[in-house]
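S.K.: The structure's right below; bear with me while I get my questions together.
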Amino acid sequence: MWFILALLSSIFAALTSILAKMGIENVNSNLATAIRTVVVVGMAWGMVFITNAQSGITDISRRSWMFLILSGLATGASWLCYYKALQIGEASKVVPIDKLSVVITLVLAAVILHEQVTTKSVIGGLMITAGTLIMVM
């Protein structure tokens with residue numbers, strides 16, 4: 001199931017890029033990010049209430065709150081940078097660079113989360129990096 005959800009995530013991410021590039025024309029990138037964020041917040045809270053998960057809010061630890069807030073700040077910074085880059089650059093070049101986050105995640109997962117670095121992940125990361133460089137040249 002995780003694979004299907006991850007694949008759907010990549011499809012929706014691709015649509016996000018194309019739809020954003022089409023919608024951001026003549027719109028301030030920060031305003032566009034704010035509009036997108038309001039829609040995402042509405043969808044997220046809608047799913048919380050549809051699945052009746054709101055009661056779990058009191059069970060969240062201080063540590064989890066801290067990391068969720070930091071993650072939210074990182075997401076906001078990422079979206080602001082992404083929308084500005086998308087506004088002034090070509091989607092076919094901005095998106096591959098944005099996807100270098102996969103390689104950065106592999107490195108951070110090894111350093112911070114102490115996840116195992118495998119030959120396969122190193123080769124894959126190098127290939128993603130090389131592919132990105134080829135696409136943006």
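The values are calculated or read from the model by the stated rules, or taken from the named source; none is laboratory data. What you see is a predicted model; the values in this text were computed from it and never measured. Don't worry about glycine lacking a Cβ; one is built from the backbone with ideal geometry, like all the others, and counts go over all protein chains shown.
S.K.: Taking only the range 103-137 into account, find how many residues are touching a helix residue (DSSP H, G or I) at 6+ places or on another chain (Cβ under 6 Å) and either more than 25 Å from A85 (Cβ to Cβ) or hydrophobic (A, V, I, L, M, F, W, C) (or both).
M.R.: Residues in the range 103-137 being touching a helix residue (DSSP H, G or I) at 6+ places or on another chain (Cβ under 6 Å) and either more than 25 Å from A85 (Cβ to Cβ) or hydrophobic (A, V, I, L, M, F, W, C) (or both): 8 in total.
S.K.: Something else: Let me confirm something: among I112, I104, which residue is hydrophobic (A, V, I, L, M, F, W, C), exposed (fewer than 13 other Cβ atoms within 10 Å of the Cβ), under 14 Å from the mean Cα position of the chain (by Cα) and at pLDDT 95 or above?
M.R.: None of the other options fit; the residue is I104.
S.K.: Let me ask another. Select, from S78, S64, the only residue that is assigned by TED's automatic domain parsing to the domain that holds A20, more than 18 Å from A20 (Cβ to Cβ) and free of Cβ contacts under 8 Å to residues at least 60 places away in the same chain.
M.R.: Checking each option against the conditions leaves just S64.
S.K.: Right, next: Would you pick out the residues in the range 20-38 that are in a helix (DSSP H, G or I) and closer than 17 Å to S78 by Cα?
M.R.: A20, K21, S29, N30, L31, A32, T33, A34, I35, R36, T37, V38
S.K.: While we're on this one: Can you tell me which residues in the range 47-76 are over 28 Å from D98 (Cβ atoms) and among the aliphatic types (A, V, I, L, M)?
M.R.: Scanning the range 47-76 gives I50, A53, I57, I60.
S.K.: Those residues that are assigned to a helix (DSSP H, G or I) and surrounded by 10 or more Cβ atoms within 10 Å (Cβ to Cβ), I need them from the range 57-72; list them, please.
M.R.: S64, W65, M66, F67, L68, I69, L70, S71, G72
S.K.: Follow-up. Six or more apart or on different chains, Cβ under 7 Å: which pairs go from a residue in the range 99-117 that's outside the structural domain of A13 (by TED's automatic domain parsing) to one that's small (G, A, S) and surrounded by 12 or more Cβ atoms within 10 Å (Cβ to Cβ)? Could you list them?
M.R.: Here the result reads V103/G125; L106/S121; L106/G125; E115/A109; V117/A110, each pair linking the range 99-117 to a residue that is small (G, A, S) and surrounded by 12 or more Cβ atoms within 10 Å (Cβ to Cβ).
S.K.: Restricting the search to the range 77-112, which residues are part of a loop (DSSP other than H, G, I, E, B) and farther than 23 Å from M127 by Cα?
M.R.: G89
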